[in-house]
Amino acid sequence: MKPDLFSAPDYYQIDDLLTEEHLLVRGATRDWVKREISPIIENYAQEARFPEHLLPGLAEVGAFGPYIPEEYGGAGLDYISYGLLMQEIERGDSGIRSTASVQSSLVMFPIWKYGSEAQKQKYLPQLATGKMMGCFGLTEPDHGSNPSGMTTNFSDQGDHFLLNGAKLWISNAPFADIAVVWAKDENKRIHGLIVERGMEGFSTPETHNKWSLRASATGELIFDNVKVPKENLLPGRSGLGAPLSCLDSARYGIAWGAIGVAMDCYDTALRYAKERVQFDKPIGQTQLQQKKLAEMITEITKAQLLAWRLGTLKNEGKATSAQISMAKRNNVAMAAAIAREARQMLGGMGITGEYSIMRHMMNLESVITYEGTHDIHLLITGLDITGLNAFK
Ligand code: TGC
Ligand code: FAD
């Protein structure tokens, strides 16, 4: 793979809107990604292996629990810093950002928000250091976009719960130490349970043959009469709103992460267009390639402004779920369109692992599907503006 010469575009001087802390967090993460992810990621993706050795470094840059309070081992940062962390990590690879998103927003967040004090003390500090890794089980083989139909269930056996069912497409499952699992009780009410590796009847087979997110480990969660201690139930909230609130936090991070991918593709294509000569002039001197680059930087700038404004709303506690859906949907689609155009601008070289673009392009096929598909987020916006529910 070519050396990482990434230089981030900032066409509207958005850096002026950032604080010193934001710039420090972003700079440290950018340096770490250049040093640790860029040189190795292509091989890991080609070989469909998860680079587990990156976990301590991810913890060190603050990617595990950026906004979780320091008393629980988190970095205690604001939501713009969290977004910038996701942007830089996803610039390296969407699969590595996935690991960070799941650990922070889908495992630490529900324990922090809905866990007992004992659960917070037991799990959060270890999760923040990456010594313990988690995964999040919501999707099932027959219930993806419609998680309320889930059939995974548990019953009260007096001194423990008995958990049965299966979850599919679970990021980090093959190596996670714990799983935050969403299941229905005898009254069909959804609750979160912390299931630990090693509990009898709990297995996590890996999902193979993915063409996308190849450097991320994906698997199933299978529960065959698993005895879960009662103290592992998250007591603070029940109902579908509990897992959906975790998704809000992860979707917010993806809205920023997608900008990282788009910036990397744009920056690579811009450099290539200035260097690659055909018909005795750089291809960047042709109107067609300039149109592509000009449209890319316009879309990136719009996405940056959307993410920044959403971040300020989140910092003020005012961001709505529907606003987050709009940003996730827009920014991922924007990145996917840019990756495709950028790949074409590199001609044949664009399909090789010498450049990051084809890997990003394939990764985005997962990103546009998980955490709510492109269609589902459109329907969330539709519901928000009309008040009419297309899901019912
Ligand atoms: P609906 O009746 O609308 O809502 C049920 C209850 O939930 C509340 N609610 C929310 N609460 C918090 N945050 C949100 N975003 C919320 N959206 C809804 C709602 O108010 C209601 O509360 P209550 O008190 O009235 O009961 O639910 P529905 O069954 O009609 O479904 C709505 C729909 C389709 C929008 C939702 O189910 C959905 O978002 N589906 C997409 C599923 C999804 O995103 N799955 C993601 C799985 S995890 C994943 O992909 C991880 S990838 C990680 C990585 O590698 O990065
Ligand atoms: P379906 O819900 O079957 O959708 C199929 C198609 O139908 C889509 O195009 C969808 O937009 C469309 N559709 C569905 N309903 C409607 C409707 N009402 N109107 C119009 N169109 C509709 N899940 C987890 O719980 N934890 C994880 O860690 C996790 N990681 C993942 C990692 C990867 C690599 C992938 C690919 C997925 C992951 N997921 C995870 C699952 C992901 O969230 C689901 O794939 C996603 O929610 C879509 O569900 P589905 O695949 O069952 O598609």
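The values are calculated or read from the model by the stated rules, or taken from the named source; none is laboratory data. Keep in mind that what you see is a predicted model, and the values were worked out from it rather than measured. Cβ sites come from the backbone with ideal geometry, for glycine too, and all protein chains shown count toward neighbours. Side chains included, ligands, DNA and RNA excluded: accessible areas come from the protein's heavy atoms. Shrake-Rupley method; radii C 1.70, N 1.55, O 1.52, S 1.80 Å.
Descriptive notes on the structure:
The rows are residues; the columns are (1) assigned by TED's automatic domain parsing to the domain that holds G57; (2) touching a Phe, Trp or Tyr at 6+ places or on another chain (Cβ under 6 Å).
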position: A118; (1), (2): yes, no
position: L124; (1), (2): yes, yes
position: L138; (1), (2): no, yes
position: M150; (1), (2): no, no
position: H160; (1), (2): no, no
position: L163; (1), (2): no, yes
position: N172; (1), (2): no, no
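- Residues of the range 105-120 that are of a type in the set (S, T, N, Q) and closer than 18 Å to G372 by Cα: S105 alone.
- Residue in the range 48-57 that is at pLDDT 95 or above, within 16 Å of ligand 2 (Cβ to nearest atom) and of a type in the set (A, V, I, L, M, F, W, C) present: yes
- Filtered by the rule that a residue be over 22 Å from the mean Cα position of the chain (by Cα), of a type in the set (A, V, I, L, M) and not in a helix (DSSP H, G or I), the range 232-278 gives L233, L234, V277.
- The range 122-132: number of residues that are crowded, with 22+ Cβ neighbours inside 10 Å and either part of a loop (DSSP other than H, G, I, E, B) or among the hydroxyl-bearing types (S, T, Y) (or both): 1
- The number of residues in the range 365-392 being within 14 Å of the chain's Cα centre (by Cα), surrounded by fewer than 17 Cβ atoms within 10 Å (Cβ to Cβ) and among the acidic types (D, E) comes to 1.
- Subset tally (residues that are in contact with a Ser or Thr (Cβ under 8 Å, 6 or more places away or on another chain) and either in a loop (DSSP other than H, G, I, E, B) or under 29 Å from L305 (Cβ atoms) (or both)) for the range 215-231: 2
- Unmet requirement for G76, which otherwise passes all of (1) open to solvent by 10 Å² or more (accessible area, probe 1.4 Å); (2) more than 30 Å from T268 (Cα to Cα); (3) in contact (Cβ under 8 Å) with a residue 24 or more places away in the chain: (3)
Yes/no matrix, rows are residues, columns are (1) part of a helix (DSSP H, G or I); (2) open to solvent by less than 60 Å² (accessible area, probe 1.4 Å); (3) within 25 Å of Y67 (Cβ to Cβ); (4) in contact with a helix residue (DSSP H, G or I) (Cβ under 9 Å, 6 or more places away or on another chain):
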| site | (1), (2), (3), (4) |
| --- | --- |
| A294 | yes, yes, no, no |
| A303 | yes, yes, yes, yes |
| A307 | yes, yes, yes, yes |
| K318 | no, no, yes, yes |
| A322 | yes, yes, yes, yes |
| A327 | yes, yes, yes, yes |
| A335 | yes, yes, yes, yes |
| A339 | yes, yes, no, yes |
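Per-residue answers, yes or no, for (1) within 16 Å of ligand 2 (Cβ to nearest atom); (2) in contact with a Pro (Cβ under 7 Å, 6 or more places away or on another chain):
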residue	(1), (2)
S81	no, yes
G92	no, no
V102	yes, no
L106	yes, no
G115	no, no
A118	no, no
K122	no, no
G134	yes, no
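- Unique residue being within 14 Å of ligand 1 (Cβ to nearest atom), crowded, with 24+ Cβ neighbours inside 10 Å and assigned to a helix (DSSP H, G or I) when the list is R91, R97: R97
- Subset of the range 165-199 that is part of a strand (DSSP E or B) and within 11 Å of ligand 1 (Cβ to nearest atom) - its residue that is most open to solvent (accessible area, probe 1.4 Å): W169
- Enumeration of residues in the range 15-49 that are under 17 Å from E90 (Cβ atoms) and either assigned by TED's automatic domain parsing to the domain that holds E299 or among the acidic types (D, E) (or both): D31, E36, E42
- One residue from T386, T381 being in contact with a helix residue (DSSP H, G or I) (Cβ under 7 Å, 6 or more places away or on another chain) and modelled with pLDDT of 95 or more: T381
- One residue stands out in the range 140-164 among those that are within 15 Å of ligand 1 (Cβ to nearest atom) and assigned to a strand (DSSP E or B): the one that is least open to solvent (accessible area, probe 1.4 Å), namely E140.
- Within the range 344-364, one or more residues are hydroxyl-bearing (S, T, Y) and either surrounded by 16 or more Cβ atoms within 10 Å (Cβ to Cβ) or in contact with a helix residue (DSSP H, G or I) (Cβ under 6 Å, 6 or more places away or on another chain) (or both).
- Residue within the range 260-278 that is surrounded by 24 or more Cβ atoms within 10 Å (Cβ to Cβ), within 16 Å of ligand 1 (Cβ to nearest atom) and modelled with pLDDT of 95 or more present: yes
- Any hit, the range 365-384, residues being away from ligand 2 (no atom under 16 Å from the Cβ) and part of a helix (DSSP H, G or I): no
- Of all residues in the range 52-64, none are part of a helix (DSSP H, G or I), touching a Gly at 6+ places or on another chain (Cβ under 8 Å) and farther than 23 Å from G130 by Cβ.
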